[in-house]
Amino acid sequence: MKVRKFTPDDLKRVFEIENMSFDQSYGINMFQQLYEMGVGFLVAEENGYVIGYVIFWIKYENQGHIISIAVDKNYRRLGCGTQLLVKAISILSLLNLDTIYLEVNENNVGAVEFYKQFSFRVDRVVPGYYENGDGAIVLYLPLDKGKITRK
Ligand SMILES: CC(C)(COP(=O)(O)OP(=O)(O)OC[C@H]1O[C@@H](n2cnc3c(N)ncnc32)[C@H](O)[C@@H]1OP(=O)(O)O)[C@@H](O)C(=O)NCCC(=O)NCCS
């Protein structure tokens with residue numbers, strides 16, 4: 001498995017993975033726009049086939065934010081999400097940020113378990129955050145001079 005920068009050729013495949021992973025989609029144009037804005041955008045590939053992606057940026061001066069991460073259903077629990085998240089955190093850690101934040105659907109038990117592996121902590125719950133009325137759990141990871149640990 002290899003993690004590399006996203007290129008516009010990956011757009012369709014990333015959109016496909018997003019679609020199979022979330023009820024609510026950012027839409028293919030939003031991915032293009034995020035890329036053009038210069039956000040962090042990485043894909044994981046296996047033998048040249050894209051199987052996952054992560055998008056992240058600096059939301060505020062000291063705060064990184066994971067916008068989206070997903071792995072193709074057929075390639076989950078093989079460490080791909082870990083590789084993507086570790087790489088994103090490593091890049092954000094180089095930027096002297098204090099914290100990384102993200103939102104996760106309160107019903108997404110698997111993703112919450114995934115983030116717990118990286119010692120993300122619960123900041124707060126935002127009721128009705130998603131279009132379908134589901135609430136979001138806001139998780140944060142204090143950055144410790146670039147050290148990343150998985151439990
Ligand atoms: C969350 C997601 C990105 C994880 O990707 P992944 O490649 O399966 O993750 P990994 O294989 O690196 O998992 C690392 C560890 O996280 C935990 N974990 C991951 N998925 C889990 C699940 N569904 N249930 C419980 N624990 C889980 C496990 O401890 C796992 O280690 P193990 O397989 O050795 O037990 C993937 O499930 C996904 O794309 N989900 C749909 C999209 C999504 O929910 N994204 C996050 C929304 S904010």
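Quick note: the coordinates plus some simple rules give every number you see, no bench work behind them. The shown structure was predicted, so the numbers you read here are calculated from the model rather than taken from an experiment.
Observations on the model:
- Here the alpha carbons of region 1-90 define both size measures, Rg and Dmax, at 12.2, 37 Å.
- Residue-wise HN-Hα coupling along region 50-66, computed from phi with Karplus coefficients 6.51, -1.76, 1.60 (Hz; x: Gly, Pro): 6, 10, x, 8, 9, 10, 8, 7, 9, 7, 10, 3, 10, 10, x, 9, 8
- Taking amide hydrogens as placed 1.01 Å from N in the peptide plane, the amide H of Leu143 sits under 5 Å from those of Thr99, Ile100, each at least 5 positions away in sequence or on another chain.
- For region 39-151: rounded, prolate or oblate by the Cα gyration tensor [a/c cutoff 1.5]: oblate
- Derived scalar couplings between HN and Hα for region 68-75 equal 7, 9, 7, 10, 3, 3, 6, 10 Hz in order, rounded to whole Hz, by the Karplus curve 6.51 cos²θ - 1.76 cosθ + 1.60 (θ = phi - 60°), x for Gly and Pro.
- Under 5 Å between amide hydrogens, built in the peptide plane, is the criterion, and for Glu106 it picks out Gly135, Ala136, Ile137 among residues at least 5 positions away or on other chains.
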